[in-house]
Amino acid sequence: MDITFLAAGMGQRFTSKTVKHKCLVKVLSKSLITRLVQNANKVGIKNINVITGHNSQSIQKHLKKYKIKYIENNLYKSTNISHSIYLALLNSNINNDLIISYSDIYYKKDLLKVFSKKKYRDVMIPVLNNWQLVWKYRNESIFQDAENLKTTGKIVVSIGGKILNKKKVKYQYMGLMFIPKKKKRKIINFIQKKNASKLDATGLLNKLIKNKFVVTYVPYNGMWYEFDKLKDEKNFPRYIKNFKI
């Protein structure tokens with residue numbers, strides 16, 4: 001199995017004189033990207049890729065002691081995260097399943113074990129069960145910041161867009177997806193054919209769903225936190241302190 005961390009974006013809402021990239025934010029004595037790479041190593045994932053773009057050299061210098069393949073997204077200023085996903089698929093071993101993960105999030109190694117618990121034949125996303133706790137301590141409006149997610153049975157039927165009634169949204173997307181090796185070429189061709197390089201991750205997933213791709217999900221109850229704005233760094237300790245399963 002391969003894993004690719006997406007770290008090409010500019011992170012304009014997380015600007016700091018001392019932080020060169022969101023994934024380099026230090027929490028609990030480690031940068032986000034260091035923790036994510038270590039998580040992958042701990043669960044036995046040997047093929048680790050990082051998609052870079054904005055401040056690429058800072059990320060490579062920071063991770064120099066780890067065995068990582070870097071993939072440059074030269075179009076990061078004019079495209080969206082779907083182009084990085086496209087590059088992740090192109091540069092993953094055709095015979096390996098692929099995990100794709102944001103690099104500006106915090107999670108523990110047990111989340112990665114979700115991907116190896118069974119053989120997934122379709123695209124699969126882990127979804128956060130206790131997601132409202134995160135938004136509470138991030139001090140963000142659910143109706144402005146969180147994204148809608150609708151499911152039926154074990155299938156995601158739509159993802160993305162604003163939430164109108166939070167009581168009807170059981171889960172949140174976590175910024176990770178599993179793509180089985182047999183679906184890689186189909187998704188590569190789909191992104192090419194649909195000219196989908198300017199979609200965000202949920203936009204791409206929703207477009208796949210609308211075009212008859214099956215996207216399944218697995219609920220997750222562990223720790224997860226997103227670093228999207230400067231205040232997220234400040235509020236993170238409150239989330240850790242108050243986290244309960």
Only one of (1) assigned to a loop (DSSP other than H, G, I, E, B); (2) within 17 Å of the chain's Cα centre (by Cα); (3) of a type in the set (S, T, N, Q) is not met by ASN95, so which one is it?
(2)
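Quick check, is LEU199 in a loop (DSSP other than H, G, I, E, B), touching a residue at least 24 places away in the same chain (Cβ under 8 Å) and out of contact with any Pro (no Cβ under 8 Å at 6 or more places or on another chain)?
Details: in a loop (DSSP other than H, G, I, E, B): yes; touching a residue at least 24 places away in the same chain (Cβ under 8 Å): yes; out of contact with any Pro (no Cβ under 8 Å at 6 or more places or on another chain): yes.
Yes, satisfied.
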Result of the Cβ filter at 6 Å on the range 143-167, keeping first residues that are free of Cβ contacts under 8 Å to residues at least 24 places away in the same chain and of a type in the set (Val, Ile, Thr) and partners that are assigned to a strand (DSSP E or B) and open to solvent by less than 40 Å² (accessible area, probe 1.4 Å), at least 6 apart or interchain, is ILE163/ASN148
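Do we find a residue being more than 30 Å from LEU24 (Cβ to Cβ) and exposed (fewer than 14 other Cβ atoms within 10 Å of the Cβ) anywhere in the range 225-240?
Restricting attention to the range 225-240, the residues satisfying the condition of being more than 30 Å from LEU24 (Cβ to Cβ) are none.
No.
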Just checking, does the range 77-97 include any residue being open to solvent by less than 10 Å² (accessible area, probe 1.4 Å), more than 24 Å from LEU199 (Cα to Cα) and not acidic (Asp, Glu)?
no
Would you check if there is a residue in the range 211-218 being among the hydroxyl-bearing types (Ser, Thr, Tyr), within 16 Å of LEU176 (Cβ to Cβ) and buried (at least 16 other Cβ atoms within 10 Å of the Cβ)?
yes
Take the residues in the range 99-139 that are open to solvent by 60 Å² or more (accessible area, probe 1.4 Å) and part of a helix (DSSP H, G or I), then tell me which one is farthest from ASN47 (Cα to Cα).
LYS136
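Give the range 208-245 a look and list any residue that's more than 17 Å from the chain's Cα centre (by Cα) and closer than 27 Å to GLY153 by Cβ, or say none. Reasoning before the result, please.
Of the residues in the range 208-245, the ones more than 17 Å from the chain's Cα centre (by Cα) are 209-214, 230-231, 233-245.
Across the range 208-245, the qualifying residues are ILE209, LYS210, ASN211, LYS212, PHE213, VAL214, ILE245.
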Looking for something within 24 Å of LYS108 (Cα to Cα), within 16 Å of the chain's Cα centre (by Cα) and not small (Gly, Ala, Ser) - is there at least one such residue anywhere in the range 130-144?
yes
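The values are calculated or read from the model by the stated rules, or taken from the named source; none is laboratory data. Just so you know, these numbers come straight off a predicted model, no measurement behind them. Cβ atoms come from the backbone with ideal geometry, glycine included; neighbour counts cover every protein chain shown. Note: accessible area is taken over every heavy atom of the protein model, side chains too, but ligands, DNA and RNA are not part of it. Shrake-Rupley method; radii C 1.70, N 1.55, O 1.52, S 1.80 Å.
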